[in-house]
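What follows is calculated from the coordinates using simple rules that are stated; it is not laboratory data. Keep in mind the model is a prediction, meaning the values are calculated, not measured.
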Ligand SMILES: [Zn+2]
Ligand SMILES: [Zn+2]
Ligand SMILES: [Zn+2]
C-alpha cells in the first residue's frame with residue numbers, strides 16, 4: 001500500500017542483463033556476439049525500480065551512465081548495492097549529475113563490508129574536493145527494510161559462492177543477482193512470490209554463479225508464475241535460441257524489459 005492507503009503502480013525495468021564482461025564481449029565472434037537481435041546487446045546487470053517519478057537504482061556498474069541516459073532516469077532517490085564487485089559498483093562516480101541537480105548526497109544502501117570497500121575504492125568521494133560525487137552511505141543488514149515510495153524492499157541473504165550479498169523482495173517480486181545458493185531463511189521469505197528475477201550465468205556454472213540447471217531448479221522450488229533470467233554470459237547462446245530451450249514460465253531477460261510488480 002502506498003501513501004493515503006492507495007496502491008501505487010510499481011515497476012522494475014531491467015537496465016542490464018549481462019555478466020561482468022557485457023555482451024557482445026570485446027573481440028568475440030561467437031553467434032551471440034555476432035547476433036543482430038537487439039536483445040543480444042546486454043549491458044552489465046542493473047535495474048531501476050520506479051513508482052511515478054520516484055526511482056531507486058539497483059547497483060551502479062560500469063554502464064551506469066549509459067543506462068541512466070537510455071532509460072531517461074533524470075531523478076534518482078537512491079541506490080541499493082547488492083555487493084562490492086566491480087560490475088555492480090564501477091559506475092558510482094556518475095551519480096554526480098544527480099547530486100548536482102537534486103542538491104543531495106546520494107543515498108547508497110549497502111552491507112557494512114561493502115561500505116568499507118567503497119571508502120577505499122572511492123576514497124576521493126569522501127573528501128571535500130569540489131565536484132566529487134557525494135555519497136550518503138547507509139549500512140544495512142539482512143532482514144532490514146529499505147523504504148521506497150511508501151513501500152519497502154525487504155533485504156534477503158544470497159550466497160554468491162562464499163560471499164553473502166543482498167537480494168530483495170518488494171510486494172510479490174524478488175530480485176536475486178549473482179546467486180550460487182539461497183539459504184533456507186531466504187527461501188522461506190519467497191513464499192507466495194509471483195515474479196522471480198534470478199541470475200543464470202552459463203551452462204556449467206562456477207563456484208560463485210548458478211548454471212542454467214541450478215537456476216531452473218530454484219525457479220521450480222520457488223514456484224513463481226514468472227521467472228526472468230539475468231546476469232547472463234554470451235556462452236548461453238543467442239537470446240531467441242536460449243529462450244526456445246527453456247520450459248514455460250521461464251523468460252530470458254533483456255535490457256529494457258519492464259516488469260509490473262504485482
Ligand atoms: Zn561471444
Ligand atoms: Zn559478483
Ligand atoms: Zn556480477
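Computed quantities for the displayed model
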quantity	calculated
Percent of Cα pairs exceeding the 24 Å cut-off, where the set is the chain	45
Counting all C-alpha pairs of segment 1-142, share separated by more than 23 Å (%)	40
Whole-number D in µm²/s for segment 1-65 (Stokes-Einstein; Kirkwood sum over Cα pairs; 37 °C, 0.692 mPa s)	239
Convex hull (Cα only) mean projected area of segment 95-205, reported in nm² to one decimal	8.9
Most mobile listed residue (161, 91, 27) in the chain, GNM with C-alpha springs under 10 Å	27
